[in-house]
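Beneath this line is the structure, given in structure tokens, with notes to follow.
The values are calculated or read from the model by the stated rules, or taken from the named source; none is laboratory data. This one's a predicted model, so the numbers in the text were calculated from it and none came from an experiment. A quick note on method: Cβ atoms are made from the backbone with ideal geometry, for glycine too, and the neighbour counts reach across all protein chains shown.
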Amino acid sequence: MARERSSRREQQAQQTREEILRAARRLFAERGYTRTSVRDVADAAGVSPQTVYDSIGSKPTLVARLNDAIDTEAGIAEIAMQSARSRDPMEIVATSARITRSILEHSSDIVHALVTGAAAEPDLDAVLAEGQRRHAAGAASIVAALDALDALDPSVDRDQAVDTLAAISDFRLALVLNENYGWSLDRVEAWIAQTSRALLLR
């Protein structure tokens, strides 16, 4: 009986966390990070501000948790696994393009919250830096796979290849192409893939 009560409490706590994150995500997208307070999030989730702090934490922590959701919603692990099984350099080098497109397709609201919030909230720099660290690590894995297949352009060393791939597929550049220049996500993905192939492959 005690175990059942504990399980119910854990389920309720998880549901509360999910409701808080959904509310934060919606408000950050509608109002922006700086104009959304913890009380706003609490009111939208139907809980007290203290519950927000106890369940998840401060505003930067809310965004950090949403940052974690990007990987899941964009299906990054699945795309990476498909790439790891491939022996085709043309397909492997396009992995970053697929991931960046998927991030914008499924999580552009979180991306906006991160980018706009970081300008006003120094604590968010660490969240953005963690996203960049993951992005660079992904680029390094792709370059390592290409190098193992002897597919890299010999005039480009591995460090330069990682930097190039990470820069070309940076979600902030993709966001500019999509929103400022009106490129479709199909066009953004194709450009990243084509440019990566042209600059990195033999």
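Of all the residues that make up the range 45-57, how many are without any contact (Cβ under 8 Å) to a residue 40 or more places away in the chain, of a type outside the set (A, V, I, L, M) and within 20 Å of Leu124 (Cβ to Cβ)? Write out each step before concluding.
Residues of the range 45-57 that are without any contact (Cβ under 8 Å) to a residue 40 or more places away in the chain, as a first pass: 45-54, 56-57.
From what's left, of a type outside the set (A, V, I, L, M): 46, 48-51, 53-54, 57.
Narrowing further to those that are within 20 Å of Leu124 (Cβ to Cβ): 49, 53, 57.
The qualifying residues number 3.
Of these, Ser7, Ser37, which one is under 24 Å from Val127 (Cβ atoms) and not assigned by TED's automatic domain parsing to the domain that holds Ala151?
Values: Ser7 fails: under 24 Å from Val127 (Cβ atoms).
Criteria check complete, one pass: Ser37.
Within the range 159-181, can one find any residue that is surrounded by fewer than 16 Cβ atoms within 10 Å (Cβ to Cβ), under 17 Å from the mean Cα position of the chain (by Cα) and farther than 24 Å from Asp68 by Cβ?
The answer is yes, given that some residue of the range 159-181 is surrounded by fewer than 16 Cβ atoms within 10 Å (Cβ to Cβ), under 17 Å from the mean Cα position of the chain (by Cα) and farther than 24 Å from Asp68 by Cβ.
Across the range 119-131, what is the total count of residues that are closer than 18 Å to Asp170 by Cα and either out of contact with any Phe, Trp or Tyr (no Cβ under 9 Å at 6 or more places or on another chain) or modelled with pLDDT under 80 (or both)?
Applying the first criterion (closer than 18 Å to Asp170 by Cα) to the range 119-131 yields 119, 124-131.
Among the residues that remain, those that are also either out of contact with any Phe, Trp or Tyr (no Cβ under 9 Å at 6 or more places or on another chain) or modelled with pLDDT under 80 (or both) are: 119, 124-130.
Within the range 119-131, residues that are closer than 18 Å to Asp170 by Cα and either out of contact with any Phe, Trp or Tyr (no Cβ under 9 Å at 6 or more places or on another chain) or modelled with pLDDT under 80 (or both) number 8.
Are any of the residues in the range 125-133 out of contact with any Lys or Arg (no Cβ under 6 Å at 6 or more places or on another chain), in contact (Cβ under 8 Å) with a residue 24 or more places away in the chain and over 30 Å from Arg35 (Cβ atoms)?
no
Taking the condition β-branched (Val, Ile, Thr), free of Cβ contacts under 8 Å to residues at least 24 places away in the same chain and not assigned by TED's automatic domain parsing to the domain that holds Leu27, does Val176 pass? Steps first, answer last, please.
Working: β-branched (Val, Ile, Thr): yes; free of Cβ contacts under 8 Å to residues at least 24 places away in the same chain: yes; not assigned by TED's automatic domain parsing to the domain that holds Leu27: yes.
Yes; evaluated as a whole, the condition is true for this residue.
Going through the range 112-141 one residue at a time, which ones are buried (at least 20 other Cβ atoms within 10 Å of the Cβ), within 11 Å of Ala29 (Cα to Cα) and of a type outside the set (Gly, Ala, Ser)?
Result: Leu114, single match.
Can you find even one residue in the range 6-16 that is surrounded by 13 or more Cβ atoms within 10 Å (Cβ to Cβ) and either touching a Phe, Trp or Tyr at 6+ places or on another chain (Cβ under 8 Å) or within 22 Å of Gly131 (Cβ to Cβ) (or both)?
Within the range 6-16, none of the residues are surrounded by 13 or more Cβ atoms within 10 Å (Cβ to Cβ) and either touching a Phe, Trp or Tyr at 6+ places or on another chain (Cβ under 8 Å) or within 22 Å of Gly131 (Cβ to Cβ) (or both).
Among Ser102, Ser141, which is the only one that is in contact (Cβ under 8 Å) with a residue 24 or more places away in the chain, of a type in the set (Gly, Ala, Ser) and under 22 Å from Asn178 (Cα atoms)?
Numbers: Ser141 fails: under 22 Å from Asn178 (Cα atoms).
Just one listed residue meets the conditions, Ser102.
Just checking: which of the helices (runs of 4 or more DSSP H) contained wholly in the range 1-61 hold 1 or more residues that are at pLDDT below 90 and polar (S, T, N, Q)?
Values: elements: 2-31, 38-45, 49-55.
Helices (runs of 4 or more DSSP H) meeting the threshold: 2-31.
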